1. In whole percent, how big is the carbon plus sulfur part of the accessible area of the chain, probe 1.4 Å, protein atoms only?
2. Would you list SER521, SER167 from the most to the least accessible area, probe 1.4 Å?
3. Highest first, please rank the peptides 61-68, 483-490, 134-141 by the mean number of other Cβ atoms sitting within 10 Å of their residues.
4. Just the number please: accessible area per residue for region 38-224, 1.4 Å probe, all protein chains included, in Å².
5. Below 11 angstrom from the Cβ of SER476, what's the summed charge of the other residues (Lys, Arg +1; Asp, Glu -1)?
6. Averaged over every viewing direction, what's the projected area of the C-alpha convex hull for region 80-152? Give it in nm², one decimal, please.
7. Sorted by packing (mean other beta-carbon atoms within 10 Å per residue), highest first, where do 234-242, 180-188 land?
8. Taking every Cα atom in region 242-295, find the radius of gyration and the maximum pairwise distance Dmax, and write them in Å.
Amino acid sequence: MSRTFFAWVLLICTSLGAHAATLDPSKDYHSQSNPHQIKVTHFALDLNVDFKKRELAGHVVYDFERKDRNARELLLDTRDITVIATSVRVDGKWQKTGFKLEAADPALGSALRIAVPEKAEQVKVQYRTSPAASGLQWLQPEQTASKKHPFLFTQAQAIHARSFIPSQDTPQVRTTYDAILRTPKNLRAVMSAENTPNAAKTGTYQFHMPQAIPSYLIALAVGDLDFKAMGDRTGVYAEPALLDAAVAEFEDTESMLIATEKAYGPYSWGRYDLLILPPSFPFGGMENPRLSFITPTVIAGDKSLVSLIAHELAHSWSGNTVTNATWRDLWLNEGHTTYLTYRIMEIIYGTDRFNMESVLGYQDLTADLADLPANYQHLAIDLRGKDPDDAFSDVPYEKGALFLKEIEQRIGRAAFDAYLKQYFADYAFKSLSTEDWLAYAQTHLIAKHPSALSLDRFKAWIYAPGLPADHPLAESDAFTKIDRIHTDWLAGAIPATAIDTKGWTVHQWLYFLNNLPEQLSPEQMSALDSAFNLTASTNNEIAHSWLLMAIRNQYQPAYARLETYLVSIGRRKLITPLYRALMESQQGQAFARKVYAEARPGYHPLAQGTMDAIVNAK
Ligand code: BES
Ligand code: ZN
């Protein structure tokens, strides 16, 4: 803990008000484990993957460091896990040891207490997961591309690792690991570790992760997976039917990796591969180290949605190498990553695309800010007593990135890039809180550029709602053109058929659709659809924007597509706004309930939770 800790507590009390009397920024309120007494340093997993029972079962052996030499108990986070037995190794021999699984806290799960006698060298837990584990999705063959084989994947961030591995489930604890996964013989297992591309499908897979990572980055997947290289250090794992399309879509990954290293320092993780998941994956991507997990919904055929890859790759620096200390500090991971994403996209695809993506990101942010309560508009969000999943929005991403863009504009790109490179080096393989970040920024940014930067301004970005006055704005010439088209078409000056869309990029289409008025006439909706065939768009982002308009205007010809979309895609960002919009009208509610009944069994537990809350609210 830093020397300035008490000063920070004071500062936070003042900024949050009296009710938050003692928020300790270095404490992770989302873990019940005890790393300050006994800290796990390495674990070895041996798990059997049982698709029939929908269960992982086996054991895990922990190495640990005793931080407090009088500590006699190891506390691990678990959720819905059945503990079968616990033992400790003393003088090289395993012996039973006592354990107690505490009653479950609804947000945090059950603390597992294990007796660790003075002489214990290692601890072992034999366990199995529940079919309802929040961090696992077990897929039926019908939910995959081939429809022939089952599929399993994990999603640990933020606090779901505990549902498949008893762990000190806090981003403040980093461990190396080894693992053996035993699967049906015709399937392949991969992990966020050293994988063996093209290993024979034997049904037994061994992994080693030499870099220490926090629990939220532990990941595994099992399915009918093949591998294809894209470059020296990059490649794709996917179901055979998707592999070539994915390799073509993401072929710039190697260049992105090289460009990011050049700007921000060496890539620390050996290989960088992508795993393409089935469409029920609830996120766009997840930065599992060495192996980002990616939704197939971004395989558009024209690289239009590959900023997702730049984003997950950028996490190799901001997030995986330098990690947020608690979920209150998520903006450190996501804000820096979003800033880096824009920069990588500019290097690889040029300034026009950079400008367009910046404007779209800024518009997403202002839309979110309009809907969020003030305390969720801060960069550092007080999540005590809350599920970190519930605070998810564009704020840590786009507001965080805009804050960093302002610093860049005020001190210059070269100076800011040099600062970031140093920051990634100084905090490599460490975690830091917002207040640690601010103390570091005071020395390395504010003190060096006192006429350009001020602590008050930094605090306004971090601890106040909304955006500070005179924040940077994003602009794109390619979009200004579209503003004129909007005006002309809406005024009836030109018909839809006269809109010259030749050469429009996906971003221009998104800007065009997202910035039309919410209410259009039935004639206007059909005119757009017949001119541009929007209901049949194969780009999942364009389809999303159009379907949202269709719902708001009860445009029936798009409802069959809407149903297919909602049943086949489980990515929350794409489907949540659609269900929300449906629930705004009586007719929409009936449709939402009918489609959700059909779609729900295919959704991930997280997506089920989100949609349950929306569809059952009225
Ligand atoms: N790490 C996040 C996903 C995440 C965040 C999971 C918080 C659980 C809690 C990942 O890197 C991410 O940000 N994904 C975005 C994509 C992105 C391009 C904004 C997503 O899935 O939408
Ligand atoms: Zn991210």
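1. Whole-percent figure for carbon plus sulfur exposure: 52.
2. Greatest to least solvent exposure: SER521, SER167.
3. Ranking, from highest mean packing down: 134-141, 61-68, 483-490.
4. 39 Å²
5. -3
6. If I average the Cα hull's projected area over directions, I get 7.1 nm².
7. Ranked by mean Cβ neighbours within 10 Å, highest first: 234-242, 180-188.
8. Considering region 242-295 through its Cα atoms, Rg and Dmax are 12.2, 35 Å.
The values are calculated or read from the model by the stated rules, or taken from the named source; none is laboratory data. Bear in mind that the values here come from a model prediction, so they are computed numbers and not experimental data. Cβ sites come from the backbone with ideal geometry, for glycine too, and all protein chains shown count toward neighbours. Each accessible area value is taken on the protein alone, full model and side chains, heavy atoms only, with ligands, DNA and RNA left out. Shrake-Rupley method; radii C 1.70, N 1.55, O 1.52, S 1.80 Å.
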